[in-house]
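The structure appears below as structure tokens.
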Amino acid sequence: QVRLVESGGGLVQPGGSLRLSCVASGSSFSDLAITWYRQVPGKSREWVAMITRGAYSNYADSVKGRFTISRDDVRNTVYLQMDNLKPEDTAVYYCKAYLGTLTYWGQGTQVTVSS
């Protein structure tokens, strides 16, 4: 069983920055691939970014050049650095872990971009 806890969300003005964290426990962190998703009410979850066990990363076109995903295998944490935030980035952000064929979700953290 893998437990994921997200943090770092909040209210920020357009153009501002936030850094989200996803801390994993219950498994060898280096075995996990991690993705970030986001969801707004009434819409399905949208894939945002991913990082593999070998630290290969990829991004949705909507965030490419503004968001950076990274991992710290010592702290069992994946980060999502979000810069130049836009109102359309407002959502609940979730991290998802992949361990073989198993997947695990965190509880989410709210990000609100508004002036």
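Quick note: the coordinates plus some simple rules give every number you see, no bench work behind them. All values reported here derive from a predicted model rather than from experimental measurement.
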Vicinal HN-Hα couplings computed from phi for segment 104-113 (Karplus, 6.51 cos²θ - 1.76 cosθ + 1.60; Hz; Gly/Pro x): 9, 10, x, 8, x, 9, 7, 10, 10, 10
Taking only C-alpha pairs under 8 Å that are 6+ residues apart, what is the relative contact order of the chain in percent? 37 percent
If each part is reduced to its alpha-carbon centroid, segment 26-45 and segment 66-109 end up apart, in Å, by 6 Å
Could you tell me what percent of the DSSP beta bridges with both partners in segment 8-115 are antiparallel, to the nearest 5? 90 percent
